[in-house]
Amino acid sequence: MNKILLMGNPNVGKSTIFSRITGVNITASNYPGTTVEFTEGFYTHKKEKRKIIDVPGVYTLKPNDPAGKVAQRMLEEAEQEEDTIVVNIIDSTNLERNLNLTLQLLERNVPVIILLNFWDETHHVGISIDTNQLEKILGVPVIPVVGVSGEGIKHFIDRLGEAENVDMEYAENEKWNYIGDIVSQVQELSHKKHSLRDRIEDLTIQNWSGLLIAFVVILVSFVIIRYIGEGLIGYIFDPFFQSLWKPIMTTLSSALNGSGIIHTVLVGELIEGSINFEQSFGLLTTGLYVPITAVLPYVFAFYFVLSIWEDSGYLARLSILLDRIMHVVGLHGMSFMPFLLGLGCNVPGALSTRVLETRKERFISATLMGIFTPCMAQIAMVIGLVGKYGIRGIGPIALTLVLMGIVVGYLMKKFVHGESPEIFTEIPRLRIPDLKSLLKKLFMRIKYFLQEAIPFVLLGVAIVNVLYSLKIINFIGQFAEPVVTHLLGLPSETVGALIMGFLRKDLAVGMLAPLGLSLNQLIVASVVLTMYFPCVATFSVLVRELGVKDMVKSAAIMVISALSVGGVLNLILSSF
Amino acid sequence: MNLYNTKQGHSYKISDINGGKGVENKLESMGIIIGTEVKRVNSSFSGGPAVIEVGNSKFALGKGMASKIKVKDLQ
């Protein structure tokens, strides 16, 4: 036995069981030739190493969406292999619905073993299931487990070898009657109590209470993100750079005699005779300080909170409340995810547009995300720049981005051809998230961010240093000056930052710091930098996701909206 | 009566689904078929989705899809 497929409906706790039985060595990858992501890991039992695959959750094996097709193909591969078994994970509080997939799996030519997850919840909802009887009817082992606590997992591992390849047969048109029969033989219902949890779950969905709860959750989340982010910067990362890294850099600087081309590239310019991590702009100073100290703590804090939203089942509820608003821009509640992920980093935001159903949805969400969603890296730097002005600084920037996002989205809804499908989704129960699987997911996201961010930041710093030394930026600046100074009201030195914005938005914002801009100029520059073009990493992903033709259209929309919004904003602000 | 026009807190039985094969198959895979009992969890608000409870699961359906599901009141 060398491969195990974990299969089941969405929201049955597959990932929790996956992270419980796998070690640290897990990877997320795309199924070849598709855009569907799945996770795999390893598990060693009695010196035998087994590969465990967390197959995307599906309700049926009739492939009607990309995830379903991948599940189908993985299963077909498994049928060809000797040693692969399928572990079918069932939500024991929804036996009837889950048995639909189970019957389809039992028809196939693979050994199957069944886990009844959320076993602890069955008695809360007044359900008792006779697992022995279910085992007899289905002909495969049925094991009750609680993924979060690990109860029953050992028993499951012990019985793994008993997985059976049965050949279940039933008439397709009688399927639900057959399932009903099975359920009535093995399940007994007592009166279901309406618990406090049920009450809270309903309140998070119903219109007014739901909006109120959403408001509080979002507010609390922002406070937590800020608290964690600032805490990590102030107590860990910044002290580390100032007290340990700075002396090393100062030594390096004097070893290089404080100037010269190598000094400029590695250490950067000395600001008032010493190294300034935010402004020196060398590879080893600003190039490391910005992604690690200024940005990473916020990215970590953001994804930590987002993972809690996801794993607790709250995110699905928020999507439902936002569904109506998303209709304005031709999207629906579930297409909110790219924007949320994009707030962390635009790259995963762009990647997540692929799960949307139609071309129109993907185009609108990718373009809106690219234009109006500043990533955490950029937000952190903008706050550093205008934060001291409080709401007078951050307010106009946020307001402009949200309002213009709605306007541009509305126009795209009207003029982009294609269909805007509706929301149709299961809403999982509210649960306390499992810390272990939450941390694993967080770790994967942070690793991904570091892999994407650090090379681009270093490359960006290097290129800008070269362009400055060769006076190419001044040259481009002369051409761009009419637009930058007359339309946007910014000094011509900001051209350097705008060029940098193609590579990294956070560094671009950082380059504005030493220019001594007024508050109005900072607001215009921050808005234009967010809108005018995605960073190169996001751009390359978008080209892949949308195709060259749609990306050209998308980029045209971005540049036109950035310049017109920047110009109008400049007019409005300067008239006050 | 269709599912979109149902009342919060009331229970219904699905009597017909006429949304074409695609919609029918999607609903069927989640166990939502003719004869299924559903409870409405929220109230319709300006074209927002309808949330229903089926067994111990909850689903959100857009207005278009919900309007294509005919139901009988069980109250």
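Every number in this text was worked out from the coordinates using simple rules, so none of it is lab data. The model shown is predicted, which means the values in this text are computed figures rather than measured ones. Neighbour counts are summed over all protein chains in view; Cβ atoms, including those assigned to glycine, are modelled from backbone coordinates with ideal geometry.
Against the globular-protein guess of 2.2 N^0.38 Å, express the Cα radius of gyration of segment A:208-574 as a ratio, rounded to two decimals.
Against the empirical 2.2 N^0.38 Å value, I get 1.01 for segment A:208-574.
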**Request:** Can you spot the aspartates and glutamates whose alpha carbon is less than 15 Å from A:LYS414's alpha carbon? Ignore those fewer than 8 places along the same chain.
**Result:** A:GLU361
**Item:** Signed unit charges on C-beta, dipole axis of chain A, positive-most listed residue A:ASN177, A:PRO10, A:GLY384
**Value:** A:GLY384
**Per-residue Cβ neighbour rank within 10 angstrom, fewest leading, A:TYR289, B:TYR4** = B:TYR4, A:TYR289
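Over the whole of B:57-68, what's the average partner chain Cβ count within 10 Å per residue? Rounded to a whole number, please. Don't jump to the answer; show the numbers that get you there.
Numbers: counts 12, 12, 5, 15, 4, 10, 5, 3, 4, 2, 0, 0.
Counting Cβ atoms of other protein chains within 10 Å of each residue's Cβ and averaging gives 6.
Restricting to Cα atoms and excluding each atom paired with itself, what does the Kirkwood estimate give for segment A:12-138 in Å?
Values: mean 1/r = 0.0630 Å⁻¹.
Here the Kirkwood hydrodynamic radius works out to 15.9 Å.
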**Compactness of segment A:173-267, expressed as Rg and Dmax over alpha-carbon positions, Å** = 30.5, 85
**Prompt:** Any number yet on Rg/Rh for segment A:1-82, C-alpha, Kirkwood?
**Reply:** 0.96
**Prompt:** In terms of Cα to Cα distance under 19 Å, which aspartates and glutamates are near enough to B:LYS7, apart from those fewer than 8 places away along the same chain?
**Reply:** A:ASP198, A:GLU201, A:ASP202, B:ASP16, B:GLU37, B:GLU53, B:ASP73
**Prompt:** Say R0 is 30 Å: what FRET efficiency, to the nearest 0.05, do A:VAL166 and B:GLU37 get from their beta-carbon distance?
**Reply:** 0.45
**Item:** Separation in nanometres of the label points that stand 7 Å from Cα toward Cβ, at A:LYS549 and A:ARG197
**Value:** 5.1 nm
**Fill in**
In whole angstrom, the spacing between the Cα centers of segment A:290-318 and segment A:428-470 equals 12 Å
**Item:** Mean Cα-pair separation over length for segment A:208-574, i.e. relative contact order, pairs under 8 Å, 6 or more apart, %
**Value:** 18 percent
**Asked** Between segment A:31-66 and segment A:508-552, how many Å separate their Cα centres?
**Response** 37 Å
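Could you please rank A:LEU399, A:LEU512, placing first whichever residue has the fewest other Cβ atoms within 10 Å of its Cβ?
Numbers: A:LEU399 11, A:LEU512 25.
So the ranking, lowest neighbour count to highest, is A:LEU399, A:LEU512.
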**Asked** What list of whole percents do you get for P(r) of segment A:322-446, with Cα-Cα distances grouped in 10 Å bins up to the one holding the largest distance?
**Response** 12, 36, 31, 19, 2
**Request:** Please average, across the residues of A:199-210, the number of beta carbons from any other chain that are within 10 Å of each residue's own beta carbon, and give a whole number.
**Result:** 3
**Prompt:** Can you pull the mean other chain C-beta count within 10 Å for peptide B:34-41?
**Reply:** 1
**Asked** Separation between the A:ILE472 and A:SER575 pseudo-spin-labels, each 7 Å from Cα along Cα→Cβ, expressed in nm?
**Response** 4.0 nm
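Give, to the nearest whole percent, the P(r) tail of chain B beyond 20 angstrom, counting all Cα pairs. Each step should come with its number before you reach the end.
Numbers: 465 of 2775 pairs.
Looking at chain B, the distances longer than 20 Å represent 17 percent of pairs.
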**Asked** To the nearest 500 deg cm²/dmol, what mean residue ellipticity at 222 nm is calculated for chain B from DSSP H runs of n ≥ 4 alone, each contributing -39,500 (n - 2.57), summed and divided by the residues?
**Response** -5000 deg cm²/dmol
**Asked** Which distance in nm do the two modelled labels at A:LYS413 and A:ALA556 give, with both placed 7 Å along the Cα-to-Cβ direction?
**Response** 2.3 nm
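Return the calculated 222 nm mean residue ellipticity for chain A, to the nearest 500 deg cm²/dmol, obtained by summing -39500 (n - 2.57) across DSSP H runs with n ≥ 4 and dividing by the residue count. Intermediate results must be reported in sequence, preceding the final value.
Numbers: 26 runs with 330 residues, N = 576.
Helix contribution divided over all residues of chain A: -18000 deg cm²/dmol.
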**Message:** Could you tell me the calculated FRET efficiency between A:SER492 and A:ALA255, based on Cβ-Cβ distance and R0 = 35 angstrom, to the nearest 0.05?
**Reply:** 0.50
**Asked** Antiparallel as a % of all DSSP beta bridges within chain A, to the nearest 5?
**Response** 50 percent
**Request:** Determine the alpha carbon to alpha carbon distance for each of A:LYS192/B:LYS58; A:LYS69/A:LYS447; A:LYS136/B:LYS26 and list only those over 26 Å.
**Result:** A:LYS69/A:LYS447; A:LYS136/B:LYS26
**Request:** Could you give log10 I(q)/I(0) at q = 0.06, 0.10 Å⁻¹ for the protein assembly as shown, computed by the Debye formula over C-alpha point scatterers of equal weight, without solvent?
**Result:** -0.39, -0.98
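Which semi-axis lengths, in whole Å and largest first, follow from the square roots of five times the eigenvalues of the Cα gyration tensor of segment A:430-576? List each step's numbers first, then the result.
Values: eigenvalues 197, 75, 61 Å².
Semi-axis lengths for segment A:430-576 are 31, 19, 17 Å.
If R0 is 22 Å, what FRET efficiency do you get for A:GLU107 and A:GLU174 from their C-beta distance, rounded to 0.05? The partial results should precede the final answer.
Values: r = 14 Å, r/R0 = 0.63.
Computed FRET efficiency for A:GLU107 and A:GLU174 comes out at 0.95.
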**Request:** Between the alpha-carbon centers of segment A:112-183 and segment A:487-507, tell me the distance in whole angstrom.
**Result:** 60 Å
**Prompt:** Remind me, relative contact order of segment A:453-576 in percent, using alpha carbon pairs under 8 angstrom and six or more residues apart?
**Reply:** 25 percent
**Prompt:** Among A:PHE479, A:PHE456, A:PHE576, what is the fewest-to-most ranking by other Cβ atoms within 10 Å?
**Reply:** A:PHE576, A:PHE479, A:PHE456
